[in-house]
Amino acid sequence: MGRLDGQVVVVTGASRGIGAEIASLLAAEGGRVVCAARTLREGDHQLSGSLETTVAAIRAKGGEAHAVTVNIADPAECERLLDVARKACGPVDVLVNNAALTYFVPIKDYAVNKWLASWNVNVHAPFVLSQLALRDMIPRRHGAIVNIGSGAAVGPGRGPYADAAAGARGGTCYGAQKAALERFTQGLAAEVYQHGVSVTCVSPSQVVPTPGTVYHKLVKGMDDPRGERPEVMAKAVLLLASEPLDRVTGRVTYSQQILKEFGWIDDAHGRGVQTAGTGYSQI
């Protein structure tokens, strides 16, 4: 028996990294997983990873997975994704908003089209997909929406700023988006609590080595010892997607923090454990 036996799960950004790991674990726990991303085949993107790779790995272990190539920056594409999921598996039980489009560029140099594109993926798509999924969840008084956050939501605080390099890192846009996602999480959680739907947000306690974080030089490589294994985030998502409503809804938390709190791991490190998170994580 798995924690998600027979439940229909939609995971965005499932072609590589954290998303692929989430899809794999939720399928192993009995979820009927719909994997969504833009990259269908290896070689379609400059980074390694693809929907075909993720789905093949899940099926090889006896799990159920379906690939949907989609650009969630387009609301019509979001609607198509949910329609395909329903036709393939049935009403959606779990939505994991994991996909992200990130440019690390200082505001003074940020191209407007890239700014708008990243907000479409990182903030607008979770809204659209959540609204669509709630059409399945509210009538059945059951469901879980898990948003994937980031430690980038923790701001630099007020000046003066001794670190002259901070302004050149270009994380202002991404941090603002993840901060918005945290507020969206708690607001939506309060709105749908009466309908039995859980809404949560979890960020990595430590930077997770993935093809994307390696590309952006957030870690030195896939084996960077300072990093957090992607399966840690996947376990945190499983916990939040499967625990009873009143135990988790509205939580804005960090992977190792929540896993240790619920007794899923013994040792924990990083944000939420050794260092503070955002204000929303403290509420």
inquiry  = Take the residues in segment 221-233 that are crowded, with 16+ Cβ neighbours inside 10 Å and without any contact (Cβ under 8 Å) to a residue 60 or more places away in the chain; name whichever of them is nearest to the chain's Cα centre (by Cα).
reply    = Val232
query = Can you find a residue in segment 71-79 that is exposed (fewer than 15 other Cβ atoms within 10 Å of the Cβ), closer than 18 Å to Ile22 by Cα and not β-branched (Val, Ile, Thr)?
reply = no
key: Exclusive hit being within 28 Å of Arg247 (Cα to Cα), in contact with a Gly (Cβ under 7 Å, 6 or more places away or on another chain), touching a residue at least 40 places away in the same chain (Cβ under 8 Å) and not β-branched (Val, Ile, Thr), set Ala144, Ala153, Ala179   = Ala153
key: Members of segment 1-26 found to be of a type in the set (A, V, I, L, M), touching a strand residue (DSSP E or B) at 6+ places or on another chain (Cβ under 9 Å) and open to solvent by 10 Å² or more (accessible area, probe 1.4 Å), listed by number   = Ile18, Ala20
inquiry  = Give me the strands (runs of 3 or more DSSP E) completely within segment 56-167, filtered to those with at least 3 residues that are under 19 Å from the mean Cα position of the chain (by Cα) and closer than 30 Å to Gln257 by Cβ, ordered by residue number.
reply    = 94-97, 143-148
request  = Tell me which residues, restricted to segment 1-40, are under 12 Å from Val92 (Cα atoms) and small (Gly, Ala, Ser).
outcome  = Gly6, Gly31
query = Out of Leu218, Leu240, which single residue is touching a residue at least 24 places away in the same chain (Cβ under 8 Å) and either open to solvent by 70 Å² or more (accessible area, probe 1.4 Å) or out of contact with any Cys (no Cβ under 6 Å at 6 or more places or on another chain) (or both)?
reply = Leu240
query = If Thr275 satisfies every condition in (1) closer than 22 Å to Val154 by Cα; (2) surrounded by fewer than 19 Cβ atoms within 10 Å (Cβ to Cβ); (3) in contact with a strand residue (DSSP E or B) (Cβ under 9 Å, 6 or more places away or on another chain) but one, which is the exception?
reply = (3)
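The values are calculated or read from the model by the stated rules, or taken from the named source; none is laboratory data. What you see is a predicted model, and the numbers here were worked out from it, not measured in a lab. Virtual Cβ from ideal backbone geometry, glycine too; neighbours counted across all protein chains shown. Ligands, DNA and RNA are stripped out before the accessible areas are found, and what is left, the full protein with its side chains, is counted by its heavy atoms. Shrake-Rupley method; radii C 1.70, N 1.55, O 1.52, S 1.80 Å.
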